[in-house]
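Chemist: Dropping the structure in here first, questions after.
The values are calculated or read from the model by the stated rules, or taken from the named source; none is laboratory data. All figures in this text were calculated on a predicted structure; none of them were measured in a lab. All Cβ positions, even for glycine, are placed from backbone atoms using ideal geometry, and neighbour counts span all protein chains on display. These accessible areas exclude ligands, DNA and RNA; they are computed on the full protein's heavy atoms, side chains included. Shrake-Rupley method; radii C 1.70, N 1.55, O 1.52, S 1.80 Å.
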Amino acid sequence: MLNINKDAEPAFFTEFKEQHQPKSWDDLKPVTTTLRQHMMEQEQTVSDKALCTYCEKTVTLESSHIDHIRPKDQSGRYAHLFADYNNLAVSCCSKNSCGQKKDNDYHDDFINPVEENPADYMTYEVMTGKVVPASVSAKNRVENTCEMLGLNSCYELLRARILVLLSLNAYREKGLLDYYIDTFEQFPTLIDFYRREYLQRGI
Ligand SMILES: [Zn+2]
């Protein structure tokens, strides 16, 4: 999961809210595509590619949506945060992971990528590409967060991470890891993990 460093709320979004006094997310519809584009470009672009906050796959305007980290459903305890800029993240549209999988779930254990750096809690299993806790104390939070987002249960996502690991392994065996490790467009925290495991240790 990315760590999202939120910029100040964009002026056009603030102005729209002031002018229209939205009561629900639907009332914000005229500006949500522009808002999503802004967030993708300003906050979620790594090496020129916009990435899903949760799974770190590349997203486009056609293949993404704005996810409310704390859910916006009107009956829920976070309904009042529907227009809170710091509660918004761009997610891919996979049915089996990320924003759509999380849906209206939320738990205080959830690792919030705007408020915390997920890399402080999550690391990877090098053989499988699964997200695992970085420490014993992080176990419950990481497992709950992965469960909510499908980070270890979504077959397509796991397969994509394994393919990246297989490529990295092949480059490493040929002594070309240093040269190619920066060419991957997705999964920057997995790439960072691999770099720490194999380049910085000099294996
Ligand atoms: Zn995703």
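Chemist: Note down the net charge around Asp108, summing +1 for each Lys or Arg and -1 for each Asp or Glu among other residues with Cβ under 13 Å from its Cβ.
Modeler: Working: positive: Arg70, Arg77, Arg141; negative: Asp105, Asp109, Glu115, Glu116.
Residues close to Asp108 contribute a combined charge of -1.
Chemist: Here's a follow-up. Kindly report the accessible area of the stretch 11-199 per residue (heavy atoms of protein chains, probe 1.4 Å, no ligands, DNA or RNA), in Å².
Modeler: Values: 9780 Å² over 189 residues.
Heavy-atom SASA per residue in the stretch 11-199 reads 52 Å².
Chemist: Starting from 0.36 nm per residue, how many nanometres of slack lie between Phe184 and Glu147 once their C-alpha separation is accounted for? Display every interim value, and only then the final one.
Modeler: Working: separation 37, 0.36 × 37 = 13.32 nm, distance 2.59 nm.
So the extension gain works out to 10.7 nm.
Chemist: Moving on. Quick one: pull the percent of accessible area on the stretch 11-199 belonging to carbon and sulfur, 1.4 Å probe, ligands and nucleic acids left out.
Modeler: Values: 4540 of 9780 Å².
The value for the stretch 11-199 is 46 percent carbon and sulfur by accessible area.
Chemist: What residues qualify as long-range amide H neighbours of Tyr124, i.e. H under 5 Å apart, gap of 5 or more or another chain, H built at 1.01 Å from N?
Modeler: Correct list: Val132.
Chemist: Here's something else I'd like to know. Counting other Cβ atoms within 10 Å, which trypsin sites (Lys or Arg not before Pro) in the stretch 1-93 have at most 13 and lie in a DSSP loop? Can you show the working numbers first?
Modeler: Values: sites: Lys6, Lys17, Lys23, Arg36, Lys49, Lys57, Lys72, Arg77; in loops: Lys6, Lys23, Lys57, Lys72, Arg77.
Answer by residue number: Lys23, Arg77.
Chemist: Could you tell me how many degrees, from 0 to 90 and to the nearest 10, lie between the Cα long axis of helix 11-20 and the main elongation axis, the longest principal axis, of the Cα atoms of the chain?
Modeler: That works out to roughly 30 degrees.
Chemist: Net charge around Lys57, counting only other residues with Cβ within less than 11 Å of its Cβ (Lys, Arg = +1; Asp, Glu = -1)?
Modeler: Working: positive: Lys49, Arg161; negative: Glu56, Glu156, Glu185.
Combined, the nearby Lys, Arg, Asp and Glu give -1.
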